[in-house]
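Undergrad: This is the structure I want to talk about, given as structure tokens.
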Amino acid sequence: MTIKVSRRATEIPPFFVMEVMRAADARAVSGEAVYHMEVGQPGTRAPQGALLAAEEALRAQRLGYTDAQGVPEIRAAIAKRYQDYYGLAVAPARVVATTGSSAAFVLAFLAAFDAGDRVALAAPGYPCYSNILSALGIEPVALLTTAEDRFQPSPALLDRALEAGPIDGLIVASPSNPTGTMLGSDAFRDLAAYCRDKGIRLISDEIYHGITYDRKADCALKFTADAIVINSFSKYFSMTGWRLGWMVVPEDLSRAIECLSQNLYISPPTLSQVAGLAALQCEAELDQNVAVYARNRALLLESLPRAGIDRLAPADGAFYLYADISRLTNDSDAFCRAMLAETGVAATPGIDFDPARGNRFMRFSFAGPTAEIESAAQALVDWRR
Ligand SMILES: Cc1ncc(COP(=O)(O)O)c(C=O)c1O
């Protein structure tokens, strides 16, 4: 007898960027140059203060399980950050430490939605949102945003989606991955009001806050108390592998999220909570990383057009440039493969972020060291000459 494999298991698509990484790593093993612009993670280590705190904790602490929502110290310190950074009062009891923002999405979706519910999100967008929703039996509803919308959701796009059926939730990311674009304050306020009027649960992924170039990003809590806010130590705090994130949960979901956390994860990683607590004090070092991203961004904005890649989304934040390459190709996957083979520059085809239209787009990550970005840019200019 054949033993069953779930439909869910066979339907979940790969995260293509991981496949690009594998191809780039294979090329590196064969001794050829590779410039990593595919990965969405800082090239830097965790900040020094976090490393020292972790070293000390390894020696001195038992590092057992913690409360499912995190140790009180980190919950209080994160709550304080909302006051200090955004001027928003958040009670520590509403802060939940999680195993990266990835676990926070699972908790948020399970707490807010039932199987069969419909959740809207921008395309292009971070692919794991819809892949996690689908794995949980929740239907992702793609809002086909354009450069004119700054690739962000709008009430008009939601109106159109509502014509096809009810919408139970909306995920926003400002700055977004892959485009780096941000919602203006008025646009964010309008979206939050729209969601409140229509009974739509707003989930705001704020993982790229702290990495912006002209102005600070708005926290969704500035506009509504009903939103689930999700954030992480992975990007601004440069701690991807430590797997630590957090959420700020509205009162009506607080107990459900606590029980889900206990059952699904027991607790977020204890050593990482120690390190994360210290990282919250390391802003001076972390802001230097942001200064490097700003230099890399400026360098690419100047050089990519010389390589014929000149239709770039306005990257207000994060460390990505999303390029419309429709004048160069109709097959971004083949284009990225050829680019890697012929120049050593690894970047991600848009199909990862927008299955319907991503064949005409690609994403460059500029989170690496400036010297690597500089060499990559030169290789691309030489390639297209
Ligand atoms: C927009 C966005 N949200 C969430 C994540 C997941 O991050 P974490 O490491 O916190 O799980 C990523 C990772 O690239 C991302 O780009």
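The numbers here are math on the coordinates, done by the rules we state, and not lab data. Please read these numbers as outputs of a predicted model, since none were measured by experiment. Methodologically, a virtual Cβ is constructed for each residue, glycine included, from the backbone with ideal geometry; neighbour enumeration extends over all protein chains shown.
Undergrad: With labels modelled as points extended 7 Å from the Cα through the Cβ direction, what inter-label distance (nm, one decimal) is found for E148 paired with D382?
TA: Here the modelled spin labels are 4.2 nm apart.
Undergrad: Per-residue ellipticity at 222 nm for the chain, helices alone: DSSP H runs ≥ 4 residues times -39500 (n - 2.57), over residue total, nearest 500 deg cm²/dmol? Let's see the in-between values first.
TA: Details: 13 runs with 160 residues, N = 385.
Here the helix-only value at 222 nm equals -13000 deg cm²/dmol.
Undergrad: Using 0.36 nm per residue of separation minus the Cα-Cα distance, give me the extension gain between D310 and K198 in nm, one decimal. Provide the component values of the computation, followed by the final result.
TA: On the way: separation 112, 0.36 × 112 = 40.32 nm, distance 3.90 nm.
So the chain would gain 36.4 nm between D310 and K198.
Undergrad: Can you list, largest first and rounded to whole Å, the semi-axes you get for the chain by taking the square root of 5 times each eigenvalue of its Cα gyration tensor? Kindly include the intermediate steps, with their values, before the conclusion.
TA: Working: eigenvalues 198, 138, 91 Å².
Value: 31, 26, 21 Å, ordered largest first.
Undergrad: Distance in nm between label sites at M18 and R189, each 7 Å beyond Cα in the beta-carbon direction?
TA: 4.2
Undergrad: Can you give me the Cα centroid spacing of segment 199-237 and segment 63-132 in angstrom?
TA: A separation of 10 Å, based on Cα centres.
Undergrad: If you take the Cα atoms of segment 234-332, find Rg, then find the Kirkwood Rh from the mean of 1/r over all pairs, what is Rg/Rh?
TA: Expressed as Rg/Rh, it is 1.14.
Undergrad: Taking H as built 1.01 Å from N, whose amide H comes closer than 5 Å to the amide H of L170, not counting residues under 5 places away?
TA: Excluding prolines and chain starts, which carry no amide H, the hits are A120, R201, L202, I203.
Undergrad: Could you calculate the FRET efficiency of A33 with T2 from 1/(1 + (r/R0)^6), where r is the beta carbon distance between them and R0 is 56 Å, rounded to 0.05?
TA: Values: r = 46 Å, r/R0 = 0.83.
For R0 = 56 Å, the calculated efficiency reads 0.75.
Undergrad: Multiply the residue separation of A338 and D114 by 0.36 nm, subtract the distance between their alpha-carbon atoms, and state the gained length in nm to one decimal. Walk me through the intermediate numbers first.
TA: Values: separation 224, 0.36 × 224 = 80.64 nm, distance 4.27 nm.
This chain segment gains 76.4 nm when fully extended.
Undergrad: Based on the Cβ-Cβ distance from A291 to Q83, what FRET efficiency comes out when R0 is 22 Å, to the nearest 0.05? Mind dumping the intermediate values first?
TA: Details: r = 25 Å, r/R0 = 1.14.
That gives a FRET efficiency of 0.30.
Undergrad: Something else now. In percent, what relative contact order does the chain have, based on Cα pairs under 8 Å that are 6 or more apart in sequence? Please report the intermediate quantities before stating the final value.
TA: Numbers: 743 pairs, mean separation 94.0, N = 385.
That works out to 24 percent.
Undergrad: Give a quick list of trypsin sites (Lys or Arg not before Pro) in segment 301-371 that DSSP marks as loop, anything other than H, G, I, E or B, with at most 11 other Cβ atoms within 10 Å.
TA: Working: sites: R306, R311, R327, R337, R357, R360, R363; in loops: R311, R327, R357.
Listed in order of number, the matching sites are R327.
Undergrad: Which GluC sites (Glu not before Pro) does segment 1-70 hold that lie in a coil by DSSP with at most 12 other beta carbons within 10 Å?
TA: Working: sites: E11, E19, E32, E38, E55, E56; in loops: E32, E38.
Answer by residue number: E32.
Undergrad: If you don't mind, there's one more thing I want to ask. Translational D (Stokes-Einstein, µm²/s) of segment 1-67 at 25 °C and 0.890 mPa s when Rh comes from the Kirkwood sum over C-alpha pairs? Don't skip to the end; give the middle numbers.
TA: Numbers: Rh = 16.9 Å.
The Stokes-Einstein estimate is 145 µm²/s.
Undergrad: Using the membrane-span-like helix rule (whole DSSP H runs, Cα extent along the own axis of at least 15 Å, mean Kyte-Doolittle hydropathy at least -0.5), which helices of the chain qualify? Mind showing how you got there, number by number?
TA: On the way: long enough: 16-29 (20 Å, 0.74); 48-60 (18 Å, 0.38); 100-112 (18 Å, 1.88); 185-198 (20 Å, -0.79); 251-265 (21 Å, -0.31); 283-303 (30 Å, -0.23); 332-343 (16 Å, 0.28); 370-384 (21 Å, -0.08).
Span-like helices, by this rule, are 16-29, 48-60, 100-112, 251-265, 283-303, 332-343, 370-384.
Undergrad: Loop only by DSSP, 15 or fewer other Cβ within 10 Å of the Cβ. Give me the trypsin sites (Lys or Arg not before Pro) in segment 60-91 that pass, ordered by residue number. Kindly include the intermediate steps, with their values, before the conclusion.
TA: Numbers: sites: R62, R75, K80, R81; in loops: R62.
When the trypsin sites (Lys or Arg not before Pro) of segment 60-91 are filtered for loop state and at most 15 Cβ neighbours within 10 Å, R62 remain.
Undergrad: Take the alpha carbon atoms of segment 281-383, find their radius of gyration, then divide it by 2.2 N^0.38 Å using N residues; give the quotient. Working shown, then result.
TA: Numbers: Rg = 14.0 Å, N = 103, 2.2 N^0.38 = 12.8 Å.
Segment 281-383 yields a ratio of 1.09.
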